[in-house]
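Notes for the one structure printed next.
Computed from the coordinates by the stated procedures, all read-outs in this text should not be read as laboratory data. No experiment lies behind these values; they were computed from the predicted model shown. Counting neighbours? That spans all protein chains shown, and the Cβs are built from the backbone with ideal geometry, glycine included.
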Amino acid sequence: MPDVDAIVIGAGHNGLTAGTMLARDGLKILCLEKTNWPGGMASTKELFKGYKHSVGAWAMIVLHQEMIDLLDVEKHGFKTIVPDTSYVVYGEPEDQPFVAYNDPITMANKIAEDHGPDAMRGLFDLFQYLRIYGKIADQERLKAPESIDKLIAEAPDAETREALQRLCYASAMDIIRQFFPDPNKHRTIQGSLAAMSIDGTHMGPYTPGGATSMAFHYTASDAMNVFKLPEGGIGALSEALVRALEAESGEVRYKAQVKRLLIEDGKAVGVELRSGEKITAKVVLSSIDANTTFLKLVGEEHLPFPFTEKVKEIDYRNGYIQVHMTLKEEPEFTGHLAFTNENKMKWLMAYIPSADHVSKCWNEYKNGQIPTDPLAYCYFPSMIDPTVAPPGYHTATLFSHYFPYDTPKDKLREHAGIMADRAIEQFAKYCPNFKDSIVDKLVLTHHYFKTTFGITGGDFSHGLLHPGQMWDSRPVKGASDYRTPIGNLYMCGSACHPGPGVTCVPGYNSARAVMAELAAADSDLVAAQ
Ligand SMILES: Cc1cc2nc3c(=O)[nH]c(=O)nc-3n(C[C@H](O)[C@H](O)[C@H](O)COP(=O)(O)OP(=O)(O)OC[C@H]3O[C@@H](n4cnc5c(N)ncnc54)[C@H](O)[C@@H]3O)c2cc1C
């Protein structure tokens, strides 16, 4: 008799989602987590006494209300904050800042007012165009995906087929230029679009295939381009999921790193922890990336050729920094950004002057250089969520893409510090009290995420958002249905369809695949009796 019905490796939000679903189905669940807190790359941590920081993910950009409802996490204390605006993207004083209002009517009116009717039209038409991709993404979201090429071929007409083809394989700039033909107009809007398209890629805005990430990011949520926050930081979701799991008699064990899978006759029968303890189970679900799961925990000797070769080819090159700070006073923006002090608009400021600026940073990164003027997002969650800082004080977190991926270990701290200072400078330029208000500062890089959460390359996507790594090629072609070549072993994290971000979807889909398989096995047993 196995010790438990199912072991889930990793208590990130996807592992916990899978565990909760299976526990609700009556299974005895044990979730094993390497660190001593839940949430993985979407955790809330007290990095500085008295403050809460979202480590890793910080905004709910791709989470559907449907998942919140399906998992019933609000019953377990999860609360969403929806600000009036999602972000302000700015450049130099001659560049009109781009404010993303969450109410679509206000957004349309303000864009027309601030940027002109052509910008409003361009953005509206672009979002309509992206919805062509969104429609099939929605159709495929809660199931094992079809091949994207099959879906394109089956599209109802030539126009849709061409749009889908472009949204999967063109560069982000090909798409952006279709709606914003003049590179010198509406620069901050174009910059904002280009920056979204490089997230989770090893690409620049002009790299073919970059449109995939753009289409993914704008259509993965139920509300296009709306950033929300969980009260108490991003880890609040996983904390609610832990409560949900425990309410069904499931268990999360921390400081329980899985060293290897126990495999008998091509089937997973349990795991061995780093401590040497062995735990057996009917099924094992892994929420960690494919490279680590298969090449480190399973071992090539158990896997068929060419599966292992495909796993080795997954691209995980994703360099970035995340800087967590505490502030002794509220940042006050001046000059062309003074208006952001009203209505808490400044809660998320992004320095992205233009699409070509993003491209310049990409080219420096590609050549192994720290970007001279890094594009960066800086957000101040305490302005809209007072639970994360003591009264009168604030939290700030800065995120910047393109920290040279191959920075040698002995240079990581120094180079990350240089990049953080350069990025902070871009905010301080129009926020004179920013630098002096910083009390504490901690600079993290992809290397931190790699070592802390055991994720290959520190890639927060668990496999980049490249065209050859999405849909039925995620994690690799032939293994996109959450099952693996090892019997009773399933994948349940961001490495699977539909991909990264705080969505809960891979965990949810994987749990359903496990339930279906266990139900089929039970009915086979009954039939045989
Ligand atoms: C800097 C940064 C910014 C981001 N910003 C956003 C954002 O704003 N919005 C958004 O939606 N997404 C964002 N993301 C992406 C998002 O955080 C991830 O896609 C998501 O959290 C992945 O969730 P997961 O549960 O699939 O995997 P993970 O969070 O990686 O969870 C895997 C878990 O497994 C554990 N583990 C690993 N190895 C073992 C082992 N051998 N034994 C036991 N346990 C193990 C890890 O400790 C971890 O807890 C960001 C990520 C980063 C790093």
Open item on the list: For the stretch 447-468: of the residues being surrounded by 24 or more Cβ atoms within 10 Å (Cβ to Cβ) and within 19 Å of residue 303 (Cβ to Cβ), which is nearest to the ligand (Cβ to nearest atom)?
Closed with: 462
Task: Qualifying residues in the stretch 470-528 (those that are charged (D, E, K, R) and over 16 Å from the mean Cα position of the chain (by Cα)) - the one surrounded by the most Cβ atoms within 10 Å (Cβ to Cβ) - done: 472
Task: Condition check for residue 352: touching a strand residue (DSSP E or B) at 6+ places or on another chain (Cβ under 8 Å) and within 16 Å of the ligand (Cβ to nearest atom) - done: yes
Open item on the list: So in the stretch 119-152, with the set limited to residues that are out of contact with any Lys or Arg (no Cβ under 8 Å at 6 or more places or on another chain) and of a type in the set (Val, Ile, Thr), which one is surrounded by the fewest Cβ atoms within 10 Å (Cβ to Cβ)?
Closed with: 132
TODO: Restricting attention to helices (runs of 4 or more DSSP H) lying wholly within the stretch 109-185, give those where 2 or more residues are closer than 24 Å to residue 195 by Cβ and over 22 Å from the mean Cα position of the chain (by Cα).
DONE: 117-141, 158-169, 172-179
Open item on the list: I'd like to know if the stretch 242-249 contains one or more residues that are free of Cβ contacts under 8 Å to residues at least 40 places away in the same chain, assigned to a loop (DSSP other than H, G, I, E, B) and more than 23 Å from the chain's Cα centre (by Cα).
Closed with: no
TODO: Please work out if residue 197 is away from the ligand (no atom under 14 Å from the Cβ), hydroxyl-bearing (Ser, Thr, Tyr), buried (at least 24 other Cβ atoms within 10 Å of the Cβ) and not in a loop (DSSP other than H, G, I, E, B).
DONE: yes
Open item on the list: Can you tell me which condition residue 260 does not meet? The list is (1) in contact (Cβ under 8 Å) with a residue 60 or more places away in the chain; (2) of a type outside the set (A, V, I, L, M, F, W, C); (3) outside any helix (DSSP H, G or I), and all the others hold.
Closed with: (1)
Open item on the list: Please pick out the residue among 186, 202, 217 that is within 13 Å of the ligand (Cβ to nearest atom), touching a Gly at 6+ places or on another chain (Cβ under 9 Å) and not aromatic (Phe, Trp, Tyr).
Closed with: 217
Task: Flag if residue 494 is near the ligand (Cβ under 10 Å from one of its atoms), more than 21 Å from residue 309 (Cβ to Cβ) and of a type in the set (Ser, Thr, Tyr) - done: yes
Open item on the list: Filter the stretch 334-359 down to the residues that are assigned to a loop (DSSP other than H, G, I, E, B) and either basic (Lys, Arg) or under 22 Å from residue 322 (Cβ atoms) (or both) and list them by number.
Closed with: 352, 353
Open item on the list: So in the stretch 1-36, with the set limited to residues that are more than 14 Å from the ligand (Cβ to nearest atom) and within 17 Å of residue 496 (Cβ to Cβ), which one is farthest from the chain's Cα centre (by Cα)?
Closed with: 6
TODO: Assess whether residue 209 counts as being touching a helix residue (DSSP H, G or I) at 6+ places or on another chain (Cβ under 6 Å), buried (at least 22 other Cβ atoms within 10 Å of the Cβ) and not in a helix (DSSP H, G or I).
DONE: no
- [ ] Being of a type in the set (Lys, Arg), part of a helix (DSSP H, G or I) and in contact (Cβ under 8 Å) with a residue 24 or more places away in the chain is the filter here, so list the residues in the stretch 307-333 that pass it.
- [x] 310
Task: Looking only at the stretch 37-53, and only at residues there that are of a type outside the set (S, T, N, Q), near the ligand (Cβ under 8 Å from one of its atoms) and under 17 Å from residue 229 (Cβ atoms), the one that is surrounded by the most Cβ atoms within 10 Å (Cβ to Cβ) - done: 39
Task: Check on residue 291, within 10 Å of the ligand (Cβ to nearest atom) and not aromatic (Phe, Trp, Tyr) - done: no
